[in-house]
Amino acid sequence: MTEDQKNQQKNDTQSGDIGRRDFVALSVAAGLAATAGSAEAGGLEVVETDVEVKTPDGTCDAAFIHPKTGSHPGVLIWPDAFGLRPSMREMAKRIAAEGYSVLVPNPFYRVTKAPFTDASNFNFATDMGKIQPLMASVNAPGNPEKDAIAYVAFLDAQKQVNKSKKIGTQGYCMGGPLVVRTAAALPNRIGAGGSFHGGGLVTDKPDSPHLLASKIKARMYFGIASNDDMRQPDAKDKLKETFAAAKVPTEIEVYSGAQHGWCVSDMPKQNNGEPIYSKTDAERAWAKLVALYKAGLA
């Protein structure tokens with residue numbers, strides 16, 4: 001090897017090291033092993049930043065993740081009852097890599113900074129007291145709507161968000177009904193909403209989320225867990241009837257065999273030791289989400 005070749009090899013190695021350091025700095029958390037695949041699958045390099053969002057009730061800690069260049073449709077992710085944590089950030093990275101600028105808030109900011117880093121060791125039988133006050137803080141009357149308006153305003157203030165495009169929103173478990181409330185609170189801004197194993201979408205109360213259908217202009221998708229459907233078999237029918245009557249384009253599916261929480265990679269195991277997370281069903285749901293946004297945010 002000549003001296004010039006040695007120097008070139010040294011330069012190439014240094015450039016590679018710099019590129020890797022930049023990549024880690026941009027993505028903040030090393031590694032893009034996403035909840036249901038790699039963020040790189042979408043083909044766009046993404047930037048992750050921890051941000052603060054001002055709301056009428058305080059300051060919300062959140063993650064803002066977007067492609068490295070350009071402006072893109074905004075997306076709001078409503079987490080499940082374990083809130084903003086690595087598994088939700090990975091989902092955001094993955095959808096950002098598809099060409100969206102994504103906000104994932106800590107929905108419990110009124111009570112605490114993001115409280116969980118991993119849900120896999122949570123015991124539903126003994127630990128529910130830890131998350132019930134958190135859930136109550138975001139679900140109190142009027143709070144979801146106030147928050148949704150603040151989060152969308154944050155997105156619209158970012159140069160990485162294309163304000164000529166509609167905004168999408170997706171939610172998991174507790175986040176499912178928050179998607180519905182967001183779409184109803186901002187009908188002219190939300191173009192698509194996806195609820196995955198959403199809980200409490202249909203209740204017998206006058207403020208049941210499904211009764212907001214007439215206020216919604218977004219394209220909607222509801223992916224229902226099989227065990228949720230077993231507990232409340234008429235919920236899917238009421239959703240279908242209500243959204244059809246409101247002439248909202250809606251798809252509703254029951255995922256046969258999939259358990260409540262199947263989309264989220266760090267879900268605890270079931271009582272029988274089997275995993276709640278199902279990669280096969282999560283990928284199917286992901287494909288539905290990508291198609292939903294392509295149709296609703298164009």
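Of note:
- Most fluctuating residue given options A184, A192, A96, as computed from a GNM of the chain linking Cα atoms under 10 Å: A184
- The chain - percent relative contact order, Cα under 8 Å, separation 6 or more: 15
- Distant-in-sequence amide H partners of G74 (H built 1.01 Å from N, under 5 Å): S101, N162, G168
- In the context of the full set of protein chains, residues of the range 194-280 present 52 Å² of accessible surface per residue (probe radius 1.4 Å, heavy atoms only).
- Potential lengthening of the chain between K130 and K113 amounts to 4.7 nm, from the contour at 0.36 nm per residue minus the alpha-carbon distance.
- 3J(HN,Hα) along the range 52-60, derived from phi through the Karplus expression 6.51 cos²θ - 1.76 cosθ + 1.60 where θ = phi - 60°, amounts to 10, 10, 7, 10, x, 10, x, 10, 9 Hz, with x in place of Gly and Pro.
- Shown is the FRET efficiency for D204 and E52, computed with R0 = 35 Å from the Cβ-Cβ distance and rounded to the nearest 0.05: 0.40.
- FRET efficiency for A157 and D237, using Cβ-Cβ distance with R0 set to 30 Å, rounded to 0.05: 0.15
- Overall, the range 138-281 carries a charge dipole of about 720 debye about its Cα centre when +1 sits on the Cβ of Lys and Arg and -1 on the Cβ of Asp and Glu, all other atoms neutral.
- Here the contact order of the range 114-238, divided by its residue count and restricted to Cα pairs under 8 Å and six or more residues apart, works out to 19 percent.
- Of all the options E253, E48, E90, the one that moves most in a Gaussian network model of the chain with Cα springs shorter than 10 angstrom is E253.
- In the assembled protein chains, H66 presents an accessible area of approximately 10 Å² (probe radius 1.4 Å).
- Note on M128: accessible area approximately 60 square angstrom, rounded to 10, probe 1.4 Å, nucleic acids and ligands left out.
- Under a 5 Å amide H cut-off, with hydrogens placed 1.01 Å from N, R219 pairs with A192, G193 among residues at least 5 apart or on other chains.
- Most mobile of P115, P67, P107 in a GNM of the chain (Cα contacts under 10 Å): P115
- Shown in residue order for the range 278-284 are the 3J(HN,Hα) couplings computed by the Karplus curve 6.51 cos²θ - 1.76 cosθ + 1.60 at θ = phi - 60°: 10, 4, 4, 6, 5, 5, 4 Hz (x for Gly and Pro).
- Under-5 Å amide H pairs with I252, H placed in peptide plane, nonlocal only: F222
- Relative packing of 142-151, 231-240, which averages over residues the other C-beta atoms within 10 Å, highest first: 142-151, 231-240
- With every protein chain in place, the range 174-232: carbon and sulfur % of accessible area (1.4 Å): 52
- Here the Karplus curve 6.51 cos²θ - 1.76 cosθ + 1.60, taken at θ = phi - 60°, turns the phi angles of the range 250-260 into couplings of 9, 10, 10, 9, 9, 8, 4, x, 7, 8, 3 Hz, with x standing for Gly and Pro.
- Accessible area, probe 1.4 Å, largest first, for residues D266, D57, D207: D207, D57, D266
The values are calculated or read from the model by the stated rules, or taken from the named source; none is laboratory data. Since this is a predicted model, take the numbers as computed values, not measurements. With ideal geometry, Cβ positions are generated from the backbone for all residues, glycine too; neighbour counts draw on all protein chains shown. Surface areas here come from the heavy atoms of the whole protein model, side chains and all, with no ligands, DNA or RNA. Shrake-Rupley method; radii C 1.70, N 1.55, O 1.52, S 1.80 Å.
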